[in-house]
Every structure is written in C-alpha cells, then in structure tokens.
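The values are calculated or read from the model by the stated rules, or taken from the named source; none is laboratory data. Keep in mind that what you see is a predicted model, and the values were worked out from it rather than measured. Cβ sites come from the backbone with ideal geometry, for glycine too, and all protein chains shown count toward neighbours.
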Amino acid sequence: MENEFLVDSDKLSEAALKRKHEIENNKSVRIDHMKFLPNMDQLESDIQDKVLENLKDIDWDSYTDADVYRALAAKTPSIEDFKALLSPAAKKHIEKMAARAKIETAKHFGNTVYLFTPLYIANYCDNYCVYCGFNCYNDIKRKKMSFEEIRHEMEVISKSGIEEILILTGESPVYSDVKYIGEACKLARKYFKNVGLEIYPVNVNDYKYLHECGADYVTVFQETYNPDKYETLHLLGNKRIFPYRFQAQERAILGGMRGVAFSALLGLTNFREDALASALHLYFLARKYPHVEYSLSCPRLRPIVNNDKINPLDVHETELCQILCAYRIFLPYVGITVSSREEKHFRDGIAKICATKISAGVSTGIGDHEEKYEAYKEEEEMESKASDFDKKESIKALQQEAVSENEECGDEQFDISDRRSFDQMYDDMAGEGLQPVLNDYIYV
C-alpha cells in the first residue's frame, strides 16, 4: 500500500494541467535527477557514495535477537550494530533500547530539553514534490511576508519567551532569494539568541553570506535517500537534483555554519533504510568535520491542504520510538528534534528518553502567529473545563477560525498534531521533571 499523492486542481488552466500530467506520467520529459545543474556547486566528496553503499542488499529480517543484544552491549556500537537496532528483531526489545538511550541522553545532555519555534516567512515554491503542501501545482493561498510583517511576527514570538527561531521558506529562489532570507536573519538576530534556517539548498558563498547575516545552523531534509524513489517524488525544480541536496549540509559547513541538521521524511519509502541513511550521512560528515554541532530529526508524513489522506503508512509510534532510540545509542552526542507533527503524549514521553529539542507555539502557515497565539490564550482559559479530546479539538478550531478571519495569511505546509503554546510546553516539560532550556549560547 502506498499514498495517493497526485491531486489535480480545478483552477489550473488546460495547458498547465496538461503539462502537470506530462511531468507525472512521462519520465523522459523530466531532467536527470542525479546530474548537477550548471549553477550548482559540486563538491569533491565521497560521503554520498559511502552512505548509498551501506544501503545495498540489506536483509532486515536476517538480524536476530543475538544481534540486538550484541548492539545493546556495545560500548561504541558499529554501523552493523546500528542496523540491528533498526531491524524488525529489535522491536520487541524496545524497552531495553529505551533504557540504554535514556542513559546515553543523560550522559551528554543531562535532563535538559531545548525549546524553539519555526517561523515560515513565505510559501511560494518552484518545485513539484508530490507529497508537499507547498508544491507548485497545489492550490493554496500563497504569501511572502514583508520585512515589517516578519519583524512583527518575530516580536510576537519573542515576547512569548522563545529565544531560538527556525526560519523557513518555500523553495523558490525567485520569490525568496538569498538576500531576502539574509535580511530576515538580520531581523531575527535582534530578537533571538539562536537562528536556524530551513530553506532551499544554496551554494557555499550563499551559506557564508547567510551566516554573516546571523544564521547559526541549517536544516535540510533529504526526504528519502533512495535515489530511484526520490526521482518519482520530486518531479520538477532544483529539488529534483538528488546529489545537490545531499551535499547541502557539507556546503553549509564550508560556509561557516556552526551546526547542521539532517532528516528523511518517514513514510515515503522503506523507513529503515531512510533512518539508516540519515544517521550515516551525519556520521560520515562528523568524522570529516568534528567541530560542527550535529542533530537529527525524524518527521513522519502528515496530511496537507487538498490531500488529507496522506499518512506515514507503516511508521507507527512504536517504529518511530525504535528509530529515535537507535539514533541515540549509535550517535549519543547528537541533538534529536521531535516536531509538532507528533502527538502530545508521544513528545512528552520521548523527551524523557532521547529527544533533546521540542518545538512549541508552532504554526506552519505564513503570517499567522499573532492570531494563533491569541487562540492559545483563549484555549488555555477553557482547558480546565474540557476533556483532553475537547482541548485538542477546541484549540485546533480556535486557531483555524482565527487564521481564516485573516485573509492576509498564507496556507500551511502540513497539518500539525501538537498545538501547545510555549508557556504550556514549558510547564509540561518542567512537570515531566525536565529542565527546559531556551538557549545555551552567548555572543561576545
């Protein structure tokens, strides 16, 4: 069983619809997804080859209980041990994995959990990625925030208490060019102590410029590390070029970024292979650039505007927990982020085991933080009178109502599951016995 990603909009012209169907159904009209375009930096790096070599001919069912026990007993697990921890055989040992992961987390991070929020500043996109709400053929409300709107959103977020922000855009160098993103970074530096970027991959000099503007770290989702599957999901735009995206973190490091983050989007293809590849991508880069701060995230597919049937298929919460614990055991020093794609109960639990970073006060829409933050306040006034289910549904309804009343907002990239405000998240994490951390860097 697979997701049905292809959806037609009745607002497309006849010519546009014809072109869309041609791109979807005729591979010969699509550009070579493994060949760099002329304007793209191409690094002399063997890391992609190393990662893809480790994905060849894996028989996940060949791993046994003995392999899992060996991996759990290893002081420094090998790549082969990591594969065993991702295998089906490890699923029944998930409690032992969680216990080991919790020990490793405490060694390197204590009982802390970092809080941040994303800020989407534009949702225009030149790519046709069939699973994404921002894709160029999806009929959504588009918006690019002005600098005054960005400043206002940042001021609202900053006043809530958040000190770290992740700036995101759709992947359109036309609407959201590097200079526009750089000016957003300069504004963010006035309000926040840590500034991250999740934008389209750029060249080394562009990353250098963005770092000079105030960006500290870069997150790039490879989406899937299976080149053949990647080709069928990314049909148009610069994102179609698999190796250019793969080398993004290394270019960011060469551009001076302090940290880089990695992820696959689980549910697109074999989740074990993508989890393995994500970690190995980080592992090999860390051996080459040991001074850099590294982190992983583990998002699952979510419904999008105009396609509410999209789901993560066989990646259930148990499998997600297994992956995250395996990450922590294999890479005990890396940060692990769990996003608002996941439910409250899962995020609360995983933060006590292996996650080190949690988003709060989240909106994946454009220009709607103030409206949603007002909805948080209304919901929190009601929460003492409602059941857990009613609380979840009421805040969702309040936020959607608030945003729908503001015609200036842009549509969301995907639907989120955990809608807690920063204050509620802070209190909940503290209530779980964790120490919420807002920032651990001081600029001098």
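Among residues belonging to region 142-170 that are assigned to a loop (DSSP other than H, G, I, E, B) and out of contact with any helix residue (DSSP H, G or I) (no Cβ under 6 Å at 6 or more places or on another chain), point out the one that is nearest to Val202 (Cα to Cα). Talk me through it step by step, then tell me what you get.
So the first thing to find is which residues in region 142-170 are assigned to a loop (DSSP other than H, G, I, E, B), and the list is 142-143, 145-146, 160-163, 170.
Imposing the further condition that a residue be out of contact with any helix residue (DSSP H, G or I) (no Cβ under 6 Å at 6 or more places or on another chain) reduces the set to 142-143, 145-146, 163, 170.
Numbers: Arg142: 22, Lys143: 22, Met145: 21, Ser146: 22, Glu163: 26, Gly170: 13 Å.
Among those that are assigned to a loop (DSSP other than H, G, I, E, B) and out of contact with any helix residue (DSSP H, G or I) (no Cβ under 6 Å at 6 or more places or on another chain), it is Gly170.
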### Matching residues, region 99-121, being touching a helix residue (DSSP H, G or I) at 6+ places or on another chain (Cβ under 8 Å) and either closer than 26 Å to Tyr191 by Cβ or surrounded by fewer than 16 Cβ atoms within 10 Å (Cβ to Cβ) (or both)
Val113, Leu115, Thr117, Leu119, Ile121
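Tally up the residues in region 86-95 that are part of a loop (DSSP other than H, G, I, E, B) and more than 13 Å from Leu276 (Cα to Cα), please.
Number satisfying all stated conditions: 0.
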### Message
Against the condition part of a helix (DSSP H, G or I), within 28 Å of the chain's Cα centre (by Cα) and closer than 18 Å to Arg272 by Cα, how does Lys83 come out, does it pass?
### Response
yes
### Message
Considering only residues that are closer than 16 Å to Tyr230 by Cα and acidic (Asp, Glu), which ones fall in region 18-35?
### Response
Glu24, Asp32
### Task
Go through (1) assigned to a helix (DSSP H, G or I); (2) within 15 Å of Lys229 (Cα to Cα); (3) not hydroxyl-bearing (Ser, Thr, Tyr) and name the single condition Glu2 misses.
(1)
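Can you report the number of residues in region 323-351 which are part of a helix (DSSP H, G or I) and either in contact with a Pro (Cβ under 8 Å, 6 or more places away or on another chain) or of a type in the set (Lys, Arg) (or both)? Even if it seems obvious, please write down each step before you answer.
Going residue by residue through region 323-351, those that are part of a helix (DSSP H, G or I) are 323-330, 344-350.
Keeping just the survivors that are either in contact with a Pro (Cβ under 8 Å, 6 or more places away or on another chain) or of a type in the set (Lys, Arg) (or both) gives 328-330, 344, 347.
Qualifying residue count for the region: 5.
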### Task
Hand me the list of strands (runs of 3 or more DSSP E) wholly inside region 210-315 holding 2 or more residues that are touching a residue at least 40 places away in the same chain (Cβ under 8 Å), under 21 Å from Tyr128 (Cβ atoms) and touching an Asp or Glu at 6+ places or on another chain (Cβ under 9 Å).
217-223, 234-236, 259-264
### Message
I need the full set of residues from region 51-68 which are in a helix (DSSP H, G or I), of a type in the set (D, E, K, R) and either modelled with pLDDT under 95 or exposed (fewer than 15 other Cβ atoms within 10 Å of the Cβ) (or both), in order please.
### Response
Glu53, Asp61, Asp65
## Note on the structure
In region 330-342, residues that are more than 23 Å from Pro118 (Cα to Cα) and crowded, with 24+ Cβ neighbours inside 10 Å total 1
### Summary
Restricting attention to region 286-299, the residues that are surrounded by fewer than 21 Cβ atoms within 10 Å (Cβ to Cβ) and among the hydrophobic types (A, V, I, L, M, F, W, C) number exactly 2
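Out of Tyr114, Tyr137, Tyr124, which single residue is assigned to a loop (DSSP other than H, G, I, E, B), in contact with a Lys or Arg (Cβ under 7 Å, 6 or more places away or on another chain) and more than 22 Å from Asn25 (Cβ to Cβ)? Steps first, please.
Working: Tyr114 fails: assigned to a loop (DSSP other than H, G, I, E, B); Tyr137 fails: more than 22 Å from Asn25 (Cβ to Cβ).
From the options Tyr114, Tyr137, Tyr124, the qualifying one is Tyr124.
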#### Entry: Pick from region 75-94, criterion hydrophobic (A, V, I, L, M, F, W, C) and buried (at least 16 other Cβ atoms within 10 Å of the Cβ), ranking: nearest to Arg287 (Cα to Cα)
Phe82
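Might you let me know whether region 177-188 holds any residue that is under 23 Å from Lys239 (Cβ atoms), hydroxyl-bearing (Ser, Thr, Tyr) and either touching a strand residue (DSSP E or B) at 6+ places or on another chain (Cβ under 6 Å) or assigned to a loop (DSSP other than H, G, I, E, B) (or both)? Before the answer, list the steps.
If we filter region 177-188 for residues that are under 23 Å from Lys239 (Cβ atoms), which is where we start, we get 177-182, 184-185.
Checking which are hydroxyl-bearing (Ser, Thr, Tyr) leaves us with 180.
Next, from what is left, pick out any that are either touching a strand residue (DSSP E or B) at 6+ places or on another chain (Cβ under 6 Å) or assigned to a loop (DSSP other than H, G, I, E, B) (or both): none.
The answer is no, given that none of the residues of region 177-188 is under 23 Å from Lys239 (Cβ atoms), hydroxyl-bearing (Ser, Thr, Tyr) and either touching a strand residue (DSSP E or B) at 6+ places or on another chain (Cβ under 6 Å) or assigned to a loop (DSSP other than H, G, I, E, B) (or both).
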### Message
Can you confirm whether Gln48 is part of a helix (DSSP H, G or I), of a type outside the set (A, V, I, L, M, F, W, C) and within 22 Å of Phe242 (Cα to Cα)?
### Response
yes
### Residue in region 226-278 that is surrounded by the fewest Cβ atoms within 10 Å (Cβ to Cβ), counting only those that are among the β-branched types (Val, Ile, Thr) and in contact with a strand residue (DSSP E or B) (Cβ under 7 Å, 6 or more places away or on another chain)
Ile253
### Query
Inside region 7-31, can you point out the residues that are surrounded by fewer than 13 Cβ atoms within 10 Å (Cβ to Cβ), in a loop (DSSP other than H, G, I, E, B) and touching an Asp or Glu at 6+ places or on another chain (Cβ under 9 Å)?
Asp10, Lys11
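Can you name the residue in region 40-64 that is without any contact (Cβ under 8 Å) to a residue 40 or more places away in the chain and not charged (D, E, K, R) and is also farthest from Pro201 (Cα to Cα) among such residues? Write out each step before concluding.
Residues of region 40-64 that are without any contact (Cβ under 8 Å) to a residue 40 or more places away in the chain, as a first pass: 44, 46, 49, 53, 56-57, 59, 61-64.
Now restrict to residues that are not charged (D, E, K, R): 62-64.
Details: Ser62: 37, Tyr63: 36, Thr64: 40 Å.
It comes out as Thr64.
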